[in-house]
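Q: This is the structure I have questions about; it appears just below.
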Amino acid sequence: MPVKVGIPRALMYYEYFPMWKTFFEELDVKVVLSDKTTKQLLNDGVSHCVDEACLPVKLFHGHVMNLIGQVDYIFIPRLKSIAKAQYICPKFIGLPEMIKYSIKDLPPIIHTEINLRKSKAQLVHAYKEIGRYFTNSNQRIGAAYRKALDIHEQYIKEIRSGRFPTEIIERKKITARKKELCIALIGHVYNIYDEYVSMNILSKLNDNGIKVITSELIDDQIVQHKVDCLPKKMFWTSGERMLGVVMHLVDRDDIDGIVYLMSFGCGIDAFIADLCEKEVRRKTNIPFALFTLDEHSGEAGFDTRIEAFIDMIRWRKKDESNVSTYG
């Protein structure tokens, strides 16, 4: 019977799952995913996590609990940096300890540190360490690593071609019935693509005939060109990307609105969302809306705000193009 490794369907799952899955399967390890987010799963996470944590971290706790009893290991890498000279959210660094001391009866946790702040070469050593849990063959680990990198590059190319991560991972198609408007949806991948947390915002926009652009669809070189113009370097990888994408979008003439989806309690979001809104207001009259997510899922109010935002854009394009977006 193959060894089973559990991967929580949360946080960086939407960025790296194809890579992780390929690496483990190349070493004859069976990958087990936690279930999709439900109210019960979220409640489990909230009840076992510290109150001060943000919604995505609380949800991650619930996904870990969902894997208990099903796997031999749980994969929770200590993500310190995923880009040179930058850092990721501090909560990712301490995530293995948060899980270990908050949840009982856990299987062993694979918590290898991934820190690319100085060099991408560290990634090779990190995957060697992970591979050692299952084989002593450097040749097998190296081959699995190279295959995983190839799959990750293909995954990124597919995303840049216009496909959402969930379309690729879950093999489903999201297409607008009639693309009347184009709205940019800005936010962390784990907020946007988790259907329960985001209250299925992608499908709701799609059902309203909206073409959606997310941060992941914009090429890295375009984003980097924009952020290089900032007076001070941004140290947060995800924050820099979201701000760079907004700086790019305000120079385009095909964007009808921008929605920023943030989670309550996220320090990076609180800072970056404000910078993004100021960038939009300073340079354009594109309508901008900020939606805040937390564990209190009031979907009716959320739907009303989305519908009102779309209606406002349509009315403005049709009859009131001279009216200020911000009153």
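The values are calculated or read from the model by the stated rules, or taken from the named source; none is laboratory data. Quick caveat: nothing in here was measured; it's all calculated off a predicted structure. Note that each Cβ is placed from the backbone with ideal geometry, even for glycine, and that neighbours are counted across all protein chains shown. Please note that ligands, DNA and RNA were not included when accessible areas were found on the heavy atoms of the full protein model with its side chains. Shrake-Rupley method; radii C 1.70, N 1.55, O 1.52, S 1.80 Å.
Q: Going by alpha carbons, how many degrees (0 to 90, nearest 10) lie between the helix axis of 55-67 and the longest principal axis of the chain?
A: 40
Q: Here's something else I'd like to know. To the nearest whole percent, what portion of all C-alpha pairs in the range 56-124 is separated by more than 15 angstrom? Before the final figure, lay out the partial values.
A: On the way: 1270 of 2346 pairs.
The share of Cα pairs beyond 15 Å in the range 56-124 comes to 54 percent.
Q: Now for a different question. Just the number, please: percent antiparallel of the DSSP beta bridges in the range 181-274, rounded to the nearest 5. Each step should come with its number before you reach the end.
A: Details: 0 of 9 bridges.
In the range 181-274, DSSP labels about 0 percent of beta bridges as antiparallel.
Q: On to the next question. With runs of 4+ DSSP H residues as the only contributors, calculate the mean residue ellipticity of the chain at 222 nm using -39,500 (n - 2.57) per run, divided by the residue total and rounded to the nearest 500.
A: On the way: 14 runs with 156 residues, N = 327.
Taken over the chain, the calculation gives -14500 deg cm²/dmol.
Q: For Lys172, give me every one of the aspartates and glutamates with a C-alpha distance below 19 angstrom, ignoring sequence neighbours fewer than eight places off in its own chain.
A: The qualifying aspartates and glutamates are Glu15, Asp35, Glu158, Asp194, Glu195, Asp207, Glu216.
Q: Connecting C-alpha atoms closer than 10 Å in a GNM of the chain, tell me which of Thr166, Thr214, Thr284 has the biggest fluctuation.
A: Thr284
Q: I'd like the accessible area for Ser119, computed on protein heavy atoms only with a 1.4 Å probe and all protein chains in place. Round to 10 Å², please.
A: That residue has around 50 Å² of solvent-accessible surface.
Q: Under a Cβ-only charge scheme (Lys and Arg +1, Asp and Glu -1), can you give me the dipole magnitude of the range 202-327 about the Cα centre, in debye to the nearest 20?
A: Computed charge dipole of the range 202-327: roughly 460 debye.
Q: If you don't mind, there's one more thing I want to ask. Test of the criteria: in the range 36-113, which GluC sites (Glu not before Pro) are in a DSSP loop and have at most 11 other Cβ atoms within 10 angstrom of their Cβ?
A: Values: sites: Glu52, Glu97, Glu113; in loops: Glu52.
Here the sparse-neighbourhood loop sites are Glu52.
Q: Expressed as a fraction of 2.2 N^0.38 Å, the rule-of-thumb size for a compact globular protein of N residues, what is the C-alpha radius of gyration of the chain?
A: Details: Rg = 20.4 Å, N = 327, 2.2 N^0.38 = 19.9 Å.
Against the empirical 2.2 N^0.38 Å value, I get 1.03 for the chain.
Q: For the chain, with the dipole built from +1 on Lys and Arg beta-carbon atoms and -1 on Asp and Glu ones, taken about the Cα centre, which of Gln154, Gly142, Thr112 lies farthest toward the positive end?
A: The residue sitting most towards the positive pole is Gly142.
Q: Another question about this same structure. Can you give me the angle between helix 299-318 and the longest principal axis of the chain, using Cα atoms only, in degrees from 0 to 90, rounded to the nearest 10?
A: Relative to the chain, helix 299-318 is tipped by roughly 40 degrees.
Q: Using DSSP to call loops (not H, G, I, E or B), can you name the trypsin sites (Lys or Arg not before Pro) in the range 206-289 whose Cβ has at most 11 other Cβ atoms within 10 angstrom?
A: Details: sites: Lys211, Lys226, Lys232, Lys233, Arg241, Arg252, Lys278, Arg281, Arg282, Lys283; in loops: Lys232, Lys233, Arg252.
Answer in residue order: Lys232, Lys233.
Q: Right, another one. Too long at a 21 Å Cα-Cα cut-off: which of Lys104/Lys128; Lys80/Lys278; Lys80/Lys233; Lys84/Lys283? It would help to have the intermediate numbers written out before the result.
A: Numbers: Lys104/Lys128 28 Å; Lys80/Lys278 29 Å; Lys80/Lys233 18 Å; Lys84/Lys283 30 Å.
In this structure, Lys104/Lys128; Lys80/Lys278; Lys84/Lys283 exceed 21 Å between Cα atoms.
Q: Along its principal axes, what span do the Cα atoms of the range 179-259 show, with the longest given first and each in whole Å?
A: Cα extents, longest axis first: 39, 29, 16 Å.
Q: Okay, next question. What dipole magnitude, in Debye to the nearest 20, does the chain give about its Cα centre under +1 on Lys/Arg Cβ and -1 on Asp/Glu Cβ? Before the final figure, lay out the partial values.
A: Working: 46 positive and 43 negative charges, 174 e Å.
About 840 debye.
Q: If I model the range 65-206 as equal point scatterers sitting on the Cα atoms and use the Debye formula, what is log10 I(q)/I(0) at q = 0.08, 0.12, 0.16 Å⁻¹?
A: Computed log10 I(q)/I(0) values: -0.31, -0.70, -1.16.
Q: Another question, if that's okay. Students often forget the sequence filter, so: which aspartates and glutamates lie under 17 Å Cα-Cα from Lys30 once same-chain residues fewer than 8 apart are removed?
A: Result set, ordered by chain and number: Asp72.
Q: Normalised by the number of residues in the chain, what is the relative contact order in percent for Cα pairs under 8 Å and 6+ residues apart?
A: Numbers: 513 pairs, mean separation 52.3, N = 327.
Relative CO of the chain lands at 16 percent.
Q: Under a straight-distance cross-link criterion of Cα-Cα below 23 Å, which lysines are reachable from Lys173, leaving out those fewer than 8 residues away in the same chain?
A: Qualifying lysines at Cα under 23 Å: Lys21, Lys36, Lys157, Lys204, Lys211.
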